[in-house]
Amino acid sequence: SRQVYFTRQELNLLLSLYSHRVIGGEWKDYAIDQGKGLSAFSVFGDRGDRPIFTIFKFAGGTHRNGDFVVGSGGNTLKRGRALTEVMSVFDQPLKLVSN
């Protein structure tokens, strides 16, 4: 199990997206977590109990559908080989269906 980190460029992309959503009043807080073979960037809304969305980065080559995953409420929204690929899910307006 390798340690997985977001690169500086990836963090810049994540924090840029986060700041735009904070300005829009959608997101309120974030957290970065690490586990065996993964890192996670989670964003929270008004209710800080559970993240609204989490962007996972897995150790390279460990997932056949890509090393990046965007999830929400236990559901996978998008998988891809690059962070920019999975972040495209945020190009469209997203609504929280249930929490």
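Can we say residue 76 is exposed (fewer than 14 other Cβ atoms within 10 Å of the Cβ), part of a helix (DSSP H, G or I) and out of contact with any Gly (no Cβ under 6 Å at 6 or more places or on another chain)?
On the way: exposed (fewer than 14 other Cβ atoms within 10 Å of the Cβ): yes; part of a helix (DSSP H, G or I): no; out of contact with any Gly (no Cβ under 6 Å at 6 or more places or on another chain): yes.
No: the conditions fail for residue 76.
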State all residues of segment 57-73 that are surrounded by fewer than 14 Cβ atoms within 10 Å (Cβ to Cβ) and of a type in the set (Lys, Arg); if no residue qualifies, say none.
64
I'm checking my understanding of the structure. Among residues of segment 18-43 that are surrounded by fewer than 17 Cβ atoms within 10 Å (Cβ to Cβ) and hydrophobic (A, V, I, L, M, F, W, C), which one is farthest from the chain's Cα centre (by Cα)?
23
In segment 1-16, how many are assigned to a helix (DSSP H, G or I) and modelled with pLDDT under 95?
0
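Of the residues 34, 3, which is under 15 Å from residue 56 (Cα atoms), out of contact with any Ser or Thr (no Cβ under 9 Å at 6 or more places or on another chain) and not small (Gly, Ala, Ser)? Steps first, answer last, please.
On the way: 3 fails: out of contact with any Ser or Thr (no Cβ under 9 Å at 6 or more places or on another chain).
Going through 34, 3 in turn, just one is under 15 Å from residue 56 (Cα atoms), out of contact with any Ser or Thr (no Cβ under 9 Å at 6 or more places or on another chain) and not small (Gly, Ala, Ser): 34.
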Filter segment 45-56 for residues that are open to solvent by less than 30 Å² (accessible area, probe 1.4 Å), within 20 Å of residue 13 (Cβ to Cβ) and more than 8 Å from the chain's Cα centre (by Cα) and give the result.
52
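Out of the residues in segment 57-99 that are of a type in the set (Lys, Arg) and modelled with pLDDT under 75, state the one that is farthest from residue 25 (Cα to Cα). Step through it out loud before you land on a result.
Taking segment 57-99 and keeping what is of a type in the set (Lys, Arg), we get 57, 64, 78-79, 81, 95.
So of that shortlist, the ones also modelled with pLDDT under 75 come out as 64, 95.
Values: 64: 35, 95: 13 Å.
Step by step, filter segment 57-99, then rank; the result is 64.
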Residue pairs qualifying under the 7 Å Cβ cut-off, at least six apart or on distinct chains, with the first in segment 1-20 being closer than 18 Å to residue 85 by Cα and the second being assigned to a loop (DSSP other than H, G, I, E, B), are 14/6; 18/27
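The values are calculated or read from the model by the stated rules, or taken from the named source; none is laboratory data. Since this is a predicted model, take the numbers as computed values, not measurements. Here Cβ is always computed from backbone atoms with ideal geometry, including for glycine, and neighbour counts include all displayed protein chains. Please note that ligands, DNA and RNA were not included when accessible areas were found on the heavy atoms of the full protein model with its side chains. Shrake-Rupley method; radii C 1.70, N 1.55, O 1.52, S 1.80 Å.
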